[in-house]
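A short worksheet on the structure shown next.
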Amino acid sequence: MFLQDDDFPHALSQWLIFYNTFEKSIFLYYLSSLMRQGRIFTKQLKNLEIAFEKRKYEHMDNLSKLIDLSTKLDNEYIEKWKQQGRKVIGFFCSYIPEEIMYASDILPYRIRPTKCTQTKEADIYMSNVNCTFARCCLDYGLREKFSFLDGLISMNSCDHIRRLYDIWRLKRPLPFMHFLSVPHLNHRRAIEWYKDELKIFKDAIEKQSGVSVTQDKLEKAIEIYNRTRRLLRKFSEVMKQDFPPITGIEYLNVILASFVTPKEQYNQLLEGLLEEIKVRKASSNLKARLMLIGSAFDQLEFIKIIEDSNGRVVTDTLCFGSRFYYDIFESDSDLIGSLAKFYLHKASCPRFSEAVKERLDFIVEKIREFRVDGAIYQRIRYCNLWGGEAFLTKKKLEEIGIPFINLEREYYPTALGALRTRVEAFIERIVK
Amino acid sequence: MRPEKEDRKNIYREIKDTLESIYKYVSSKHPDEAWAYLPSLNFWEKRLYAEDTGEKIIWHNFTTIPEPFYAFDLLPINCDPMTAYMARFPNVTIAKWVDLSQKYLPDHVCAFDKNLLGLVLSDDVPFPAAMVGTAGEPCDSALTVFPAISKHLGIPHYMIDIPYWKDERTIKYVSNEMKGLLSFLEELTGRRLDLDKLREVIKYSNRAYELLHEIQLQRMHIPCPLPSRFLMVDAGLMVSQIGTTEIISYLEKELEIGRKKLEKGAGTIPEEKKRIAWVHLPIMFDTKIWDFMEEGFGAIVVIDVLNAFKNILIDTSNIDSICKGLALRELNTTMGMEVRGPAEYFFERAIQMARDFKVDAVVFGGHTACEQSWAIAQLMKDIVYDELGIRTLIFDCDGLDPRILTSEKMKPKFISFLETLQ
């Protein structure tokens, strides 16, 4: 059989019979052999592969779908969103109110350089004293790996992120670039300042999308985001069980998927997942219930090391974790003002250096709620925000008798052997 | 439990002793310049005896302006120049305190902050009554460690929030932050602000700004009439003693030296061959590196980033105009303004320094912990070259800790760079 473009839909349906019985690798091997024989073209092979992925995705359970979403840079939801003529805008970091973008028919995309392993392009500009998360993001930006983005939003979250934005803006500007000056304090004056910044932001977003952020639209977006937060809180509750039915890796994957998926679709997946896990069997391999403390963490290899040692990550205070969903937004008639207040008062990172007490209280509260046996404070090398606050966290956890370990890492997986040794020793210390 | 005062080391005494030895060194090598160290000696002597006199010491960070403290008769210590003096302790520099702090902080945290925490943990320093810092500049190290120390000590502290921008809205916001600082100091001292006293302090600081501006104009002359060595002293005094009369007499004297040289048409070194702008933190543990450049190559550092003050004079009509002026100064602090906002702030200041001071070369001796500057050093180098055709030497070091790069290892970098400029 020699496939012609006209035959393609029919041929595809024939070929896809394989997907139920064959693994993707076997399927692709089979197709490749046909291509080598000159019986199909490369383009057709690629299309078949995409079709295969789509069909496979349709038949996945919700957990697998969410995991799949969390491990890829783009996905079919983004593709569909863009097909409808709507824009996708990337952003850094936890204090940007996504609701404003969503209300303007823009898909907020939280930047994560998934599967980054090196930073050659970024290293032309940034230095080796800059953190590898920032360098990975910049590397992907310079290599246009986020080609689906129509814009980029950043803020003065830390020295590395704001400089990565500078370089991205100067060297590979996207059609829309916007920066917000987020206060480091959360007193009345700071809230007023941030409210003004958000008004400027809203105007810029409206101009970009051509869609006005009306009171109704903003209320609806807030409702959708609050729904996500509530569902994630409910989802996290399962980690309180003696033997949680999901692993720490799965827990984190589910949250990560929220950063790259329109929240309405994400909420549906999450609702499905909550049903699925009711009947899921729990693993009893659990020696120590652990908390992960820190910043931009999506290194699943790291959690795997913990869980291979029979530790279980049951809760966290990560930027990419519970700090995203923990606080529920309560609005008043001044929606922009309430958003400013909410984002400056939500569970924070050390850039809010005055909120140490609140941060430590948050950690202690979660330790009690999730019956945590030990806390892993992990930070990316050259992060002075988390590096500078570690000693206060250690002091607090010592006071309440919770074992604590402070681990330095790179954003991408490296030196895993040394990490394994330290994690194993830590878990043994807890179990004794 | 803290040891009794008599059993504790007092680092202020060691700083004073070090300053005395610097004074002696300068007296022998450059006798006409020894007077320049007297204001600093007096400054530390006052702090040394503060525990006995009952005067309150305030610790503040590099980018917090000290005028408000003087208005309340407090004794401010800018912690970064304090560490800079300690970096010149014979043999030990700041190693003891940095190493101690690294039990609690990662090595990449700025040595200024590590040293301060080390001092606190070692009990080698009298603790202050309060701490005041800036949030938003100069860096993440200062943002976290500085307030963390005050929390560790359990003493009051105030953070001035500095936005990313420098527009009118920003000035208004920081003006209110300054008012907040004045209220904090009222509460700390139990005294109402004496507006006349604040006016007096501002009057002195305005005069200091005017004088420094004239000195900057002198430094723009070819050949430069003032030595590099004064830069470090000028910057140390401007960020610590501005608002006092001592700095005025110091700057007047420096200006007079420059004036005499200019009248003779002479430079401070016999043959000025190359003029350099040092656009990042200077090397503080060994300022003799500048002597080496002057004596060996006729290369003089005519300006460094710590001295790139903008001439901001404050209108003392009322509290609003004063706070607005203080905000403007706060937003234009050296090592604050250029590292706080968009990269363009950094590039503009580097270009302005290079252009105004008619330099032949730029040096970026990158303090390792200045991650915000390191991220754009390469871009800055390209932009300075594209705009002005001037080359930049970039190398990494720690301005305070010679264990990262010693002066001896630094010298060959200068030699090869200066040779390429011939």
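Data overview
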{"read-out": "Condition met for A:LEU360 (within 14 Å of chain B (Cβ to nearest Cβ) and buried (at least 22 other Cβ atoms within 10 Å of the Cβ))", "value": "no"}
{"read-out": "Residue match in the stretch A:288-299 (condition: farther than 23 Å from A:ARG422 by Cβ and not small (Gly, Ala, Ser))", "value": "no"}
{"read-out": "Residues of the stretch A:168-187 that turn out to be at the interface with chain B (Cβ under 10 Å from one of its Cβ atoms) and part of a helix (DSSP H, G or I), as a count", "value": "3"}
{"read-out": "Selected residue (criterion: nearest to the other protein chains (Cβ to nearest Cβ)) from residues of the stretch A:404-431 that are farther than 20 Å from A:VAL129 by Cα and of a type in the set (Lys, Arg)", "value": "A:ARG422"}
{"read-out": "Where a residue in the stretch A:264-289 is within 30 Å of A:ARG429 (Cα to Cα) and its partner, wherever it lies, is small (Gly, Ala, Ser) and outside any helix (DSSP H, G or I), with Cβ under 9 Å and at least six apart", "value": "A:LEU286/A:GLY311; A:LYS287/A:SER309; A:LYS287/A:GLY311; A:ALA288/A:SER309; A:ALA288/A:GLY311; A:ALA288/A:GLY374; A:ARG289/A:GLY311; A:ARG289/A:GLY374"}
{"read-out": "Number of the exception - A:LYS207 against (1) part of a helix (DSSP H, G or I); (2) more than 30 Å from B:PHE347 (Cβ to Cβ)", "value": "(2)"}
{"read-out": "Enumeration of residues in the stretch A:57-114 that are of a type in the set (Phe, Trp, Tyr) and assigned to a helix (DSSP H, G or I)", "value": "A:TYR57, A:TYR77, A:TRP81, A:TYR102"}
{"read-out": "In the stretch B:113-171, residue surrounded by the fewest Cβ atoms within 10 Å (Cβ to Cβ) [restricted to those that are more than 10 Å from chain A (Cβ to nearest Cβ), in contact with a Pro (Cβ under 7 Å, 6 or more places away or on another chain) and assigned to a loop (DSSP other than H, G, I, E, B)]", "value": "B:ASP123"}
{"read-out": "Residue in the stretch A:339-350 that is over 30 Å from A:ARG135 (Cβ atoms), in contact with a strand residue (DSSP E or B) (Cβ under 8 Å, 6 or more places away or on another chain) and charged (D, E, K, R) present", "value": "no"}
{"read-out": "Some residue of the stretch B:21-40 being charged (D, E, K, R), surrounded by 14 or more Cβ atoms within 10 Å (Cβ to Cβ) and over 27 Å from B:ARG229 (Cβ atoms)", "value": "no"}
{"read-out": "Residue within the stretch B:393-415 that is touching a helix residue (DSSP H, G or I) at 6+ places or on another chain (Cβ under 7 Å), of a type in the set (A, V, I, L, M) and at pLDDT 95 or above present", "value": "yes"}
{"read-out": "Qualifying position, being over 14 Å from A:ILE400 (Cα atoms), at pLDDT below 95 and assigned to a helix (DSSP H, G or I), among A:GLU354, A:GLU358", "value": "A:GLU354"}
{"read-out": "All helices (runs of 4 or more DSSP H) inside the stretch B:270-362 with 1 or more residues being in contact with a Lys or Arg (Cβ under 6 Å, 6 or more places away or on another chain) and within 14 Å of chain A (Cβ to nearest Cβ)", "value": "B:319-331, B:337-340"}
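Each row is one residue, and each column tells you yes or no for (1) assigned to a loop (DSSP other than H, G, I, E, B); (2) within 14 Å of another protein chain (Cβ to nearest Cβ); (3) among the charged types (D, E, K, R).
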| site | (1), (2), (3) |
| --- | --- |
| A:TYR140 | no, no, no |
| A:PHE146 | yes, no, no |
| A:ILE153 | no, yes, no |
| A:ARG162 | no, yes, yes |
| A:ASP166 | no, yes, yes |
| A:LYS195 | no, yes, yes |
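For every residue, the table says whether it meets (1) surrounded by fewer than 18 Cβ atoms within 10 Å (Cβ to Cβ); (2) among the hydroxyl-bearing types (Ser, Thr, Tyr).
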residue	(1), (2)
A:LEU69	no, no
A:ILE78	no, no
A:GLN83	yes, no
A:VAL88	no, no
A:SER94	no, yes
A:GLU98	no, no
A:ALA103	no, no
A:THR119	no, yes
A:MET126	no, no
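The values are calculated or read from the model by the stated rules, or taken from the named source; none is laboratory data. Quick caveat, the model's predicted, so the values are computed rather than measured. Note that each Cβ is placed from the backbone with ideal geometry, even for glycine, and that neighbours are counted across all protein chains shown.
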